[in-house]
Amino acid sequence: MKKGIGLIGFGCVGQGFYDIIKNEGLDQFEILQIAVKNRKVRTAPEALFVYDAFELVSNDEIDIIVELIDDAELAFELV
């Protein structure tokens, strides 16, 4: 059974994490949602992106949340 992953942040590290999951044969994981601040063209499908990180926290399909943002206060609140 796949583990659902939610990413919070899609900068250099978040995008690198996404690429590793997608390209390295880690089929036991599936990235279900990615929370970001701003709308712009990205290297992952647009359907994955949400603009409120709290959506990930309340998503029952997500088993693991990976927080990769540079806002320590928001990260603390989310965790």
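The values are calculated or read from the model by the stated rules, or taken from the named source; none is laboratory data. The shown structure was predicted, so the numbers you read here are calculated from the model rather than taken from an experiment. Don't worry about glycine lacking a Cβ; one is built from the backbone with ideal geometry, like all the others, and counts go over all protein chains shown. Heavy atoms of the whole protein, side chains included, go into the accessibility calculation; ligands, DNA and RNA do not. Shrake-Rupley method; radii C 1.70, N 1.55, O 1.52, S 1.80 Å.
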Loop-resident sites, the stretch 1-59, for GluC sites (Glu not before Pro), counting at most 12 other Cβ within 10 Å (DSSP)
24
Taking a virtual spin label 7 Å from the Cα of residue 22 along the C-beta vector, which residues in the stretch 54-71 bring their backbone nitrogen under 20 Å of it?
56, 62-69
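Tell me the carbon and sulfur percent of the accessible area for the chain, rounded to whole percent, probe radius 1.4 Å.
Looking at the chain in its full context, I get 52 percent from C and S.
Counting Lys and Arg as +1 and Asp and Glu as -1, each charge on the Cβ, what is the dipole of the chain about the Cα centre in debye, to the nearest 20?
So the magnitude is around 340 debye.
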Provide the per residue accessible area, probe 1.4 Å, for the chain, rounded to a whole number of square angstrom.
67 Å²
